[in-house]
1. Give the residue, chosen from Ser114, Ser72, Ser51, that is within 30 Å of Pro457 (Cα to Cα) and either within 16 Å of the ligand (Cβ to nearest atom) or in the same structural domain as Gly174 (by TED's automatic domain parsing) (or both).
2. Can you spot a residue in segment 15-27 that is under 25 Å from the mean Cα position of the chain (by Cα) and of a type in the set (S, T, N, Q)?
3. Identify all residues within segment 125-156 that are within 16 Å of the ligand (Cβ to nearest atom), in a loop (DSSP other than H, G, I, E, B) and modelled with pLDDT under 95; write none if there are none.
4. Out of all the residues in segment 70-81, is one or more among the small types (Gly, Ala, Ser) and closer than 30 Å to Ala334 by Cβ?
5. Can Leu214 be described as without any contact (Cβ under 8 Å) to a residue 60 or more places away in the chain, within 12 Å of the ligand (Cβ to nearest atom) and out of contact with any helix residue (DSSP H, G or I) (no Cβ under 6 Å at 6 or more places or on another chain)?
6. Condition first: within 26 Å of Met264 (Cβ to Cβ), of a type in the set (Ser, Thr, Tyr) and not assigned by TED's automatic domain parsing to the domain that holds Ser291. Can you find one or more residues in segment 39-47 that meet it?
7. Check segment 180-197 and report whether any residue there is within 15 Å of the ligand (Cβ to nearest atom), out of contact with any Asp or Glu (no Cβ under 9 Å at 6 or more places or on another chain) and of a type in the set (Gly, Ala, Ser).
Amino acid sequence: MAAKYVMEPFRIKMVEPIRLLSRQEREKAISRAHYNLFYLKSEDVAIDLLSDSGSNAMSSAQWAGMMLGDESYAGSSNYYRLMEVTTKLFGYDYVQPVHQGRAAEKVLFPLLLSEGKVAISNMFFDTTRAHVELAGGRAIDCVVPEARITQSRAPFKGNMDIERFKLLLEEYKGRIGVVVMTVTNNSAGGQPVSLENLRQVSELCKEHALPLSLDAARFAENAYFIKQREEEYKNRSIEEIVYEMFQLCDYFTMSAKKDAILNMGGLVGARVDGEMALSIKANTISFEGFSSYGGLAGRDLEAMAIGLLEGVQEDQLRYRIGQVEYLSALLEEAGIAHQTPAGGHGLFIDAKALLPHIPYYEFPGQALAIELYKEAGIRGCDVGSYMMGNDPDTRKQMEAEFEFTRLAIPRRVYTQSHLDLIAQALIEIKKRADRIKGYRIVWEPPILRHFQAHLAPVE
Ligand SMILES: *Cc1c(COP(=O)(O)O)cnc(C)c1O
């Protein structure tokens with residue numbers, strides 16, 4: 001597959017300068033940051049691929065919408081505009097704005113989970129897992145086995161493993177509080193979930209009278225993959241596919257900082273208006289603010305209404321996913337293993353394949369992320385043992401299913417030459433990979449350690 005770049009379906013009218021540090025300055029900066037990329041100052045970063053969350057460029061229409069902010073405490077016109085859009089896209093009776101995805105989780109999960117309950121998912125995102133645990137529940141991942149084989153070309157590596165899911169339904173009968181489908185499957189490399197798989201999970205949930213919640217951060221990217229890869233849907237519009245995905249579920253939580261192309265925002269929804277909708281509203285009022293603003297300014301609600309509609313535009317998705325595919329093709333040519341076919345929102349480099357001499361307890365994914373920063377000022381992050389391999393019972397270091405370095409691509413921010421530079425940096429690193437050393441943790445907090453831990457190089 002030769003690298004082919006899809007033209008940006010926009011032109012640029014506002015720019016933000018990038019400051020370039022010397023290698024020596026970068027080495028100082030990362031050491032000052034305790035070898036934790038979350039502690040770097042963003043002005044010390046040349047190409048910031050830490051996350052595609054909230055790091056997107058809004059459109060001129062969104063910025064114009066910001067000027068229409070109705071900042072009334074209750075019932076702002078922007079709220080009603082947002083509700084019109086969410087009703088059209090998702091068809092849910094009750095949709096509640098909140099300030100970001102984890103706020104949606106905090107509002108919804110305690111209503112479905114309590115001490116001793118379990119939650120099953122194709123794979124939990126880290127904050128989602130944390131909110132399951134904070135509600136007293138246990139989070140169980142049940143992704144298809146091919147997700148773990150980075151070189152496998154299966155089209156829907158984000159799917160739930162249906163056979164194992166059926167076994168879990170029996171094993172935990174009476175103790176399952178909620179089933180969560182994450183689209184796209186973030187932790188498995190932004191891999192999509194097919195509509196067929198979502199429908200099977202939905203049917204099994206109905207059979208067992210279990211609520212199904214969609215973790216919908218990348219709902220539009222998932223719909224685009226369905227259109228590309230699921231024969232039955234190739235002539236359906238993105239909006240039709242999105243509608244069908246949501247209708248198969250009972251609830252959804254959404255970080256609107258992803259496919260809704262915002263800098264801040266989230267949603268939580270209930271397909272049917274009833275007791276649960278009332279409880280969601282009550283929790284929102286306690287944690288987030290009155291139900292017609294949910295922790296956001298009126299202007300943010302307007303930008304969300306516009307962003308949701310831009311996010312499902314097919315030319316936007318073709319360009320967006322095209323960027324990831326372009327970078328994937330460059331790495332393929334250079335023999336750098338990564339999760340393939342490339343997922344929706346970034347490249348997941350197989351750090352174990354690139355740094356086979358670094359054991360999981362010295363965090364190959366984190367070591368590669370640090371090396372990329374030293375090499376070219378590129379900031380990615382670990383999705384491997386450093387992030388996930390923390391046993392909640394024993395607090396011991398565990399081997400994770402994946403050892404990835406994630407390079408997340410913000411929407412509408414970087415251009416082809418930035419992507420070329422990323423590939424170049426990885427090629428340089430590959431040449432001297434055997435000399436790269438691992439890291440150890442010198443301090444860590446009890447949960448979500450990757451955000452805060454301090455590390456040091458292993459000598
Ligand atoms: C980003 C994300 C979240 C959490 O959302 P925030 O807006 O960061 O709080 C939850 N689930 C998935 C799949 C995500 O990608």
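The values are calculated or read from the model by the stated rules, or taken from the named source; none is laboratory data. Keep in mind that what you see is a predicted model, and the values were worked out from it rather than measured. Virtual Cβ from ideal backbone geometry, glycine too; neighbours counted across all protein chains shown.
1. Just a single option satisfies the conditions, and that option is Ser51.
2. Checked against the condition, which is being under 25 Å from the mean Cα position of the chain (by Cα) and of a type in the set (S, T, N, Q), segment 15-27 yields no hits at all.
3. Phe125
4. So far as segment 70-81 goes, no, none of its residues is among the small types (Gly, Ala, Ser) and closer than 30 Å to Ala334 by Cβ.
5. yes
6. Keep residues of segment 39-47 that are within 26 Å of Met264 (Cβ to Cβ), which gives 39-47.
Filter once more, keeping what is of a type in the set (Ser, Thr, Tyr): 39, 42.
Okay, now just the ones that are also not assigned by TED's automatic domain parsing to the domain that holds Ser291, so 39, 42.
Yes, the conditions are met somewhere in segment 39-47.
7. Yes, segment 180-197 has at least one match.
Yes/no matrix, rows are residues, columns are (1) outside the structural domain of Tyr243 (by TED's automatic domain parsing); (2) touching a residue at least 40 places away in the same chain (Cβ under 8 Å); (3) within 30 Å of Pro457 (Cα to Cα):
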| site | (1), (2), (3) |
| --- | --- |
| Ala277 | no, yes, no |
| Asn283 | no, yes, no |
| Arg318 | yes, yes, no |
| Ile321 | yes, yes, no |
| Tyr326 | yes, yes, no |
| Ile336 | yes, yes, yes |
| Ala351 | yes, yes, yes |
